[in-house]
There are 2 protein chains.
Amino acid sequence: MAGKTKTKSKDSTADKRRSKAAIREENEALILRAAEEIFAEKGFGGATTAQIAEYANVPKANLHYYFPKKADLYRRVIEDICNAWLDARNAFDIHDDPAAAIGGYIRVKMELSRSRPHGSKIWASEVISGAGEVQEYIQTAVKEWLQDMERQFKIWQDEGRIAQVTPRTFLFMVWATTQHYADFESQINLLNGGEPLDSEEYKKTTEEVVGLMLRSLNIK
Amino acid sequence: MAGKTKTKSKDSTADKRRSKAAIREENEALILRAAEEIFAEKGFGGATTAQIAEYANVPKANLHYYFPKKADLYRRVIEDICNAWLDARNAFDIHDDPAAAIGGYIRVKMELSRSRPHGSKIWASEVISGAGEVQEYIQTAVKEWLQDMERQFKIWQDEGRIAQVTPRTFLFMVWATTQHYADFESQINLLNGGEPLDSEEYKKTTEEVVGLMLRSLNIK
DNA sequence: GTCTATATTTCGATAGAC
DNA sequence: GTCTATCGAAATATAGAC
């Protein structure tokens, strides 16, 4: 817990005393994790630094010591999310077979919605609010990835392996559907009698989504 | 513009002087329209009454005269949105043919995303934030509609007219995809070179979405 | 680095003249 | 019903002792 360690500088036992850099890294991580959750739930405007500090078990003043401005903290959270998403991208390039490539990508996206729902929610909030902070990322990384995908789809279409649809329309459907399981979590739970899907149900749902998507492209 | 009309009570020309009730209705509508847009962009916490008042061309004090609490205003906006969504529901019950029924519903949802994107965005923000204000609506109206749909899907499935998939998984896909075109408008525009889809492109996209969805159920 | 106390700003809400 | 001026609460941010 940040602020509880009173390590005097005289205590020179090397492995007991953490360097300032290590302390900083540790506390920043603590705050970032809390911030991701609070920002996801309340949005940038709705979240307060006091809430985030409390959730992270850090005095409010310390939060401002590490992240002077609330907006700084928010940007760092966004940055981390973008980095996590860059990984999911790569789940595509491995296979030449459309069923394996597309199915694999959908499974990765579904897994990401399960493991990092907060990231997806913050992304959605950002885009709903006009995409101010993620604009550049969309115009570069996302756009390039989309164009790569469109080229690959064109090849598959020319080979007659998938249906003739605007790739973008299909990919938007994939994004929308997979992220729905993160962003609309609370709605899904309410419709499921208040209970979240257990991992068995989620796995089954994932395979159904894959099945629907592949069939929509006439694969198999 | 509210507040600019200085109609003296002496001016008794009946058709020139609007009744207080009419004035109220008019100004409430003005404020509600502005509120829907600002809340959609900023969320409840991020929006300020000052912004809404300015956007509605109404002094801030007047906004609080019509809607004493910010939360009152928000609830009224949510209420209006729910009412609009209740209409879309009914686009299903008309046809016995699954292609016509489902296709028609998707077209209505896509049209709603086009005509009332703010409503969809506010709904999404609410659900992302834990669905506090829409919880009851989800548990009653939405749930009942979903269950009706599941019964209808079961019939079609028993008749062998659509694929054997959990109807809920399919319907979530429909919601996610159609609402994506409202909620992720700014992302879609950025990926489209900064330009929104024109009505021709949107119409084409709608038909592609319908095609993908129906094919995913093995219809046609 | 930590943390109490406080400064500063912003925002929701109201008083009171017209 | 309208609107200027303002209050009071809440939130961001900092000062300064430890």
* To do: Could you list, in their original order, any pairs among A:Lys121/B:Lys143; A:Lys203/B:Lys154; A:Lys203/B:Lys121; B:Lys109/B:Lys143; A:Lys70/B:Lys70 whose Cα atoms are separated by more than 26 Å?
  => A:Lys203/B:Lys121
* Return the FRET efficiency for the residue pair B:His64, B:Lys143: r is the Cβ-Cβ distance, R0 is 41 Å, and the value is rounded to the nearest 0.05. => 0.70
* Enumerate the whole-percent occupancy of each 5 Å bin, from 0 to the last occupied one, for all C-alpha pair distances of chain A. => 1, 6, 12, 15, 14, 13, 12, 9, 7, 5, 3, 2, 1, 0, 0
* To do: Neighbouring Cβ atoms within 10 Å as the yardstick, rank A:Lys220, A:Lys70 fewest first.
  => A:Lys220, A:Lys70
* Translational diffusion coefficient, Stokes-Einstein: compute it for region B:51-100 using the Kirkwood radius over C-alpha pairs as Rh, at 10 °C and 1.306 mPa s, and state it as an integer in µm² s⁻¹. => 117 µm²/s
* In whole percent, what relative contact order does chain B give with Cα contacts below 8 Å and a gap of six or more residues? -> 20 percent
* **Peptide A:119-127 - average C-beta neighbours from other chains (10 Å radius)** => 4
* **10 Å Cβ neighbours from other chains, averaged over peptide A:164-170** => 4
* To do: Tell me the Kirkwood hydrodynamic radius of the protein assembly as shown in angstroms, computed as one over the mean inverse distance between distinct C-alpha pairs.
  => 24.1 Å
* To do: Lys and Arg at +1, Asp and Glu at -1: add these up for the other residues within a Cβ distance under 13 Å of A:Thr169 and post the number.
  => 0
* Structure fact -> GNM on chain A, Cα springs under 10 Å; top mean-square fluctuation among A:Asp97, A:Asp198, A:Asp87 goes to A:Asp198
* At A:Asp93 and A:Glu54, where each label point lies 7 Å from the Cα along Cα→Cβ, what is the point-to-point distance in nanometres? -> 4.6 nm
* In Å and from the alpha-carbon atoms only, list the Rg and Dmax of region A:96-195. => 15.5, 46
* Asked: When the chain is fully extended, how far beyond the present Cα-Cα distance does B:Ala84 get from B:Ala163, taking 0.36 nm per residue of separation?
  -> 25.4 nm
* Structure fact -> By Cβ neighbour count within 10 Å, fewest first, B:Thr205, B:Thr177 rank B:Thr205, B:Thr177
* To do: Just rank A:His118, A:His95, A:His180, fewest to most, by other beta-carbon atoms within 10 angstrom.
  => A:His95, A:His118, A:His180
* Structure fact -> Taking only the Cα positions of region A:78-147, the convex hull volume per residue in Å³ is 87 Å³
* Asked: Got the B:Glu26 label distances to the other copies yet, label 7 Å along Cα→Cβ, in nm, shortest first?
  -> 6.6
* **Additional length obtainable on full extension of the chain from B:Arg33 to B:Asp72, 0.36 nm per residue less Cα span** => 12.6 nm
* Asked: Hey, for A:Asp72 with labels 7 Å out along Cα-Cβ, what do the inter-copy distances come to in nm, ordered shortest first?
  -> 4.1
* Taking H placed 1.01 Å from N in the peptide plane, check which residues at least 5 places from A:Ile162 or on another chain put their amide H under 5 Å from its amide H. => A:Gln157
* Could you tally the net charge around B:Lys69, taking each other residue with its Cβ under 15 Å from the Cβ of B:Lys69, Lys/Arg +1 and Asp/Glu -1? => 0
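Quick note: the coordinates plus some simple rules give every number you see, no bench work behind them. These figures come from a predicted structure and were not determined experimentally. FYI the Cβ positions are ideal-geometry reconstructions off the backbone, even for glycines, and counts take in every protein chain you see.
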